[in-house]
Amino acid sequence: MKNNWSILGKFFAGVIAVSLVLTSVRAAAGASSPDRVVVMISVDGLAAYYIDDPKADMPNLRHLAAEGARASMMKASTPTVTWPNHTTLVTGDNPARHGVVGNNYFDRKTGQKVTLISDPVFDKDQIVKVPTIYDVAKAAGMKTAAIRWPATRNAKTLDWTIPDMRTADLVKQYSTPGLLDECKNAGIDVLGDSESNESPDDKWTAMFDYILREHRPRLALLHVAFVDHTEHLHGPKSPEAYAAVHAADHQIGEVWKELKKDFPNHATLIVVSDHGFSPIKKSIFPNVALRKAGLYQRKGGEVNMVSQGGAAMLYIRDEAKRDEVMAKIREALAGVEGISKIAGPKELKQYGVADPAVDPHAPDMILFADEGCTFGDTAAGSLPFNDKPERKGSHGHDSNLPDLHATFVMWGVGVKTGVKTGEISNIDVAPTIAKFLNLQLPNPDGKPLTEMMSN
């Protein structure tokens, strides 16, 4: 792409600007009780349809909804994958503004794919271009905590944190110094072996409850991921998925119990997910069709594809030929079974996806798969599909699809009782938290969910 250096300069100027914005936050924050706490739990992959599914054993979440408020469903950001949506949940902005464009992306300058999921490459301040709710809370003098929250590696404004990383060595390297040992001395060894009947998230939840009890942060975030992992392996609404959903509900109940004990009449609990889930019966391989059209080569082709499960981000290497190549892509993929939509620049703006002229990490086009399909990277073979996919469940699909919608429930101080709204958007979650804590995010895309909030 031409002018890569000027584009990158704009991008990193935006990152630097975050610190300048935060200098005014302390003065803008209103008064708030020193015992006031807001907790957000994200159950990765908990589709909105589970809460009304009689097969889903979720007594705690349903009790929270009955005593508090819930949405029928929450629309996720595009693509409907973990890293961008968890960033939206804490910024109130679409990926076009916050900069986390997917679980991975293609670097046009180096010609390499870059992984964002599990934070192996970048610190938080390198990829999140706008202030988060925990940045704003910290600037206002509040203590903050986050356990396994995506895109938080080396986040300077988290007082207690364990990032969501793949290996024990990386977890040790990037966690708050001394926190793992402190919890281990308290009998919570999150990196030790688990009991055979124990959910992998039980120990993270126990650590989170310990931080609430012993350190009393004003804002605390917990990400539990076993539902998502299980649905990928066995499919949503499988016996295994229902068991994982029940385990997550138990973890929600443990945090709820801790809040009622340690912060009586001062706590608000918000339970969300990042996206819904689709069962998968077929894998689609757009690179096969692109190779046949002369657009894809293993090295140096005109088009590079990065799969996001039910979406595929397409990157065009030569900016001068962008319009010509986009037309060729549409022609090559026309009629390919399993592709529901080919979204170009105009459509992507409506989806909250950045223009690559502004954010070099953003794609030129996105393919959306039919529900029941997912995208694979291979260009080998003669058929652009496989009826025997490796995974039985996935996400990433068009955010307008109801099955890809996420969960939203909140309970406690400042929450109306027995309220159920229709569809909401996940860009409204962080502004809602800000209002609970008398904080102000700088011009977010979303707005507080005042219809669920009491005076």
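Worth pointing out:
- Qualifying residue in region 119-133 (condition: over 24 Å from Ile433 (Cβ atoms), β-branched (Val, Ile, Thr) and assigned by TED's automatic domain parsing to the domain that holds Gln440): yes
- The one condition from (1) in a helix (DSSP H, G or I); (2) touching a strand residue (DSSP E or B) at 6+ places or on another chain (Cβ under 9 Å); (3) aliphatic (A, V, I, L, M) that Val114 does not meet is (1).
- When the test is whether a residue is modelled with pLDDT of 95 or more and of a type in the set (Lys, Arg), Lys299 does not pass it.
- Selection within region 430-455: residues that are within 21 Å of Gly418 (Cβ to Cβ) and hydrophobic (A, V, I, L, M, F, W, C). The member of this set that is surrounded by the fewest Cβ atoms within 10 Å (Cβ to Cβ) is Met453.
- Selection from region 115-174 of residues that are within 21 Å of Arg218 (Cβ to Cβ), over 19 Å from the mean Cα position of the chain (by Cα) and among the aromatic types (Phe, Trp, Tyr): Trp160
- Failed condition for Arg97, given (1) in a helix (DSSP H, G or I); (2) free of Cβ contacts under 8 Å to residues at least 60 places away in the same chain; (3) of a type in the set (D, E, K, R): (2)
- Identity of the residue in region 325-336, farther than 17 Å from Ala379 by Cβ and in contact (Cβ under 8 Å) with a residue 12 or more places away in the chain, that ends up surrounded by the most Cβ atoms within 10 Å (Cβ to Cβ): Met326
- Of the candidates Leu259, Leu233, the single residue that is of a type in the set (A, V, I, L, M), farther than 26 Å from Thr157 by Cβ and over 19 Å from the mean Cα position of the chain (by Cα) is Leu233.
- Verdict on Leu170 being in the same structural domain as His246 (by TED's automatic domain parsing), assigned to a helix (DSSP H, G or I) and closer than 30 Å to Asp377 by Cβ: yes
- Qualifying residue in region 54-70 (condition: surrounded by 19 or more Cβ atoms within 10 Å (Cβ to Cβ), more than 21 Å from Thr432 (Cα to Cα), at pLDDT 95 or above and hydrophobic (A, V, I, L, M, F, W, C)): yes
- Selected residue (only one of Val255, Val245, Val227 is touching a Phe, Trp or Tyr at 6+ places or on another chain (Cβ under 8 Å) and within 20 Å of Thr80 (Cα to Cα)): Val245
- If the condition is being of a type in the set (D, E, K, R) and in a helix (DSSP H, G or I), then region 214-259 contributes Glu214, Asp228, Glu231, Glu240, Asp249, Glu254, Lys257, Glu258.
- Complete set of residues in region 262-285 that are surrounded by fewer than 23 Cβ atoms within 10 Å (Cβ to Cβ) and assigned to a loop (DSSP other than H, G, I, E, B): Phe263, Pro264, Asn265, His266, Lys281
- Qualifying residue in region 414-434 (condition: of a type outside the set (Ser, Thr, Tyr), at positive phi and either modelled with pLDDT under 95 or touching a strand residue (DSSP E or B) at 6+ places or on another chain (Cβ under 7 Å) (or both)): yes
- Top-ranked residue of region 119-156 - restricted to ones that are in a loop (DSSP other than H, G, I, E, B) and touching a His at 6+ places or on another chain (Cβ under 8 Å), ranked as surrounded by the fewest Cβ atoms within 10 Å (Cβ to Cβ): Lys143
- Filtering region 415-442 to residues that are within 18 Å of Phe263 (Cβ to Cβ) and either in contact with a Ser or Thr (Cβ under 6 Å, 6 or more places away or on another chain) or assigned to a strand (DSSP E or B) (or both) leaves Val415, Phe436, Leu437, Asn438.
- Residue within region 428-444 that is within 26 Å of Arg62 (Cβ to Cβ) and in contact with a His (Cβ under 7 Å, 6 or more places away or on another chain) present: no
- Test: Met207 is more than 25 Å from Lys257 (Cα to Cα) and touching a residue at least 24 places away in the same chain (Cβ under 8 Å): no
- Qualifying residue in region 290-307 (condition: touching a helix residue (DSSP H, G or I) at 6+ places or on another chain (Cβ under 9 Å), farther than 20 Å from Phe106 by Cα and of a type outside the set (Ser, Thr, Tyr)): yes
- Within region 309-324, being surrounded by fewer than 18 Cβ atoms within 10 Å (Cβ to Cβ) and either among the aliphatic types (A, V, I, L, M) or on the phi > 0 side of the Ramachandran plot (or both) holds for one residue alone: Ala320.
- In the condition set (1) part of a loop (DSSP other than H, G, I, E, B); (2) modelled with pLDDT of 95 or more; (3) surrounded by 18 or more Cβ atoms within 10 Å (Cβ to Cβ), Pro389 is compliant with all but (2).
- Among (1) in contact (Cβ under 8 Å) with a residue 40 or more places away in the chain; (2) out of contact with any strand residue (DSSP E or B) (no Cβ under 7 Å at 6 or more places or on another chain); (3) surrounded by fewer than 19 Cβ atoms within 10 Å (Cβ to Cβ) - the single one Val288 does not satisfy: (3)
The values are calculated or read from the model by the stated rules, or taken from the named source; none is laboratory data. Note that the structure is predicted; figures quoted are calculated from it, not measured. A quick note on method: Cβ atoms are made from the backbone with ideal geometry, for glycine too, and the neighbour counts reach across all protein chains shown.
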